[in-house]
1. Which whole-Hz ³J(HN,Hα) couplings does segment 32-39 yield from phi under the Karplus relation 6.51 cos²θ - 1.76 cosθ + 1.60, θ = phi - 60°, glycine and proline marked x?
2. Using the Karplus curve 6.51 cos²θ - 1.76 cosθ + 1.60 with θ = phi - 60°, what ³J(HN,Hα) values do you get for each residue of segment 207-215, in whole Hz, with x for Gly and Pro?
3. Which of LEU15, LEU216 has the fewest other C-beta atoms within 10 Å, and how do the rest follow up to the most?
4. I need THR31, THR219 ordered by Cβ neighbour count within 10 Å, fewest first.
5. Taking the Cβ-Cβ separation of MET102 and LYS196 as r and a Förster radius of 30 Å, what is the calculated FRET efficiency to the nearest 0.05?
6. Order these by the 10 Å Cβ neighbour count, fewest first: HIS48, HIS70.
7. Once amide H atoms are built 1.01 Å from N in the peptide plane, which residues 5 or more positions from ILE68, or in another chain, come under 5 Å H to H?
Amino acid sequence: MGGVVGKSESPETKLEAKMVEAMQHRASKGTTIKSFNSIILKFPKIDHTLRKCKAIFEQFDEDSNGAIDHEELKKCLHKLQVCFTEEEIEDLFKACDMNEDMGIKFNEFIVLLCLVYLLKDNATEFEAVSFLTLLRFSLSFLKSRMGVPNLEATFETLVDAFVLLDKNKDGYVSKNEMVQAINESGERSSGPIATKRFEEMDWDKNGSVSFKEFLLAFTTWVGIEEVGDDDEHH
Ligand SMILES: [Ca+2]
Ligand SMILES: [Ca+2]
Ligand SMILES: [Ca+2]
C-alpha cells in the first residue's frame, strides 16, 4: 500500500543518483552530435521510432485507459517473468510517473524505456541492482516481440543529445549550458530561444534539467502528447 505520495522533491532517490552516474559515465565517452540544430533535424526520425513504442505501451496498459498503473506494471513484469521486489517497482513507477497521478502515460513510458536504456549501458557498475538487469532483459524481449528495430539507436541519439548539452558533465543541464548550446548553433536571438527551451525542460522548475526531464520535454517537442485522444488511433 502506497498511500502517501509525499512531496519528495529531492532528486536523491537511488534511481536518480544512478541516472546521474550513468550519464556522467556516458558523457566521458563524448558525443557524436555536433549542435543543437542537428538534434532538431533528427526530430522526425525520432518521433517515428518513438511512436512505434505504442504497441509496447499497449501491452502494459491492460485496461486500455491510456495509463499504466501500479498493478499493470507489476502484472506485465510478472508476465515477462521478471521478478521485481515491491520496492523496485515502486522506485521505477515513481521515477516515471512524473505528474504523480498514479499512472504512467505514453510519454512517461518512453522516458521509462530510455532510462532503462541508459542504465543498461552502465550495468557492470550496478550489478548489484538486479532489477536493472531484469529490465534490460524485458526491454530486449519486448523489442524483439514488438519489432521496434531503431529503438536503441534512437535512445542513443537522445543520450548523445543530453551529453552535448551537459557541458560540465555533472549529469544535469543548467540554463547557461543551454544558452551555450544554442549559441554554438549560430542562432540569432539565442538567449530567448535558450530560455524558452530551458523552461520547457525544467519540469520541476528547480533550475536544472535532469535526463528524465529532458526526455519528457523531448516527447513534447517531437509531438507526442499525453495520449487520450481517440482519433489518434488506427
Ligand atoms: Ca491502465
Ligand atoms: Ca551540467
Ligand atoms: Ca529540474
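Coordinate-derived values only; no laboratory data. As the structure is a prediction and not an experimental result, all values here were calculated from the model. All Cβ positions, even for glycine, are placed from backbone atoms using ideal geometry, and neighbour counts span all protein chains on display.
1. 8, 8, 8, 8, 4, 4, 5, 5
2. Coupling constants for segment 207-215: x, 9, 10, 7, 4, 4, 5, 4, 4 Hz.
3. Details: LEU15 20, LEU216 24.
Fewest to most other Cβ atoms nearby, the residues stand as LEU15, LEU216.
4. Numbers: THR31 16, THR219 22.
The most exposed by this proxy come first: THR31, THR219.
5. 0.45
6. Working: HIS48 12, HIS70 17.
Placing the least packed residue first, the sequence is HIS48, HIS70.
7. It is ILE104, LYS105, by chain and number.
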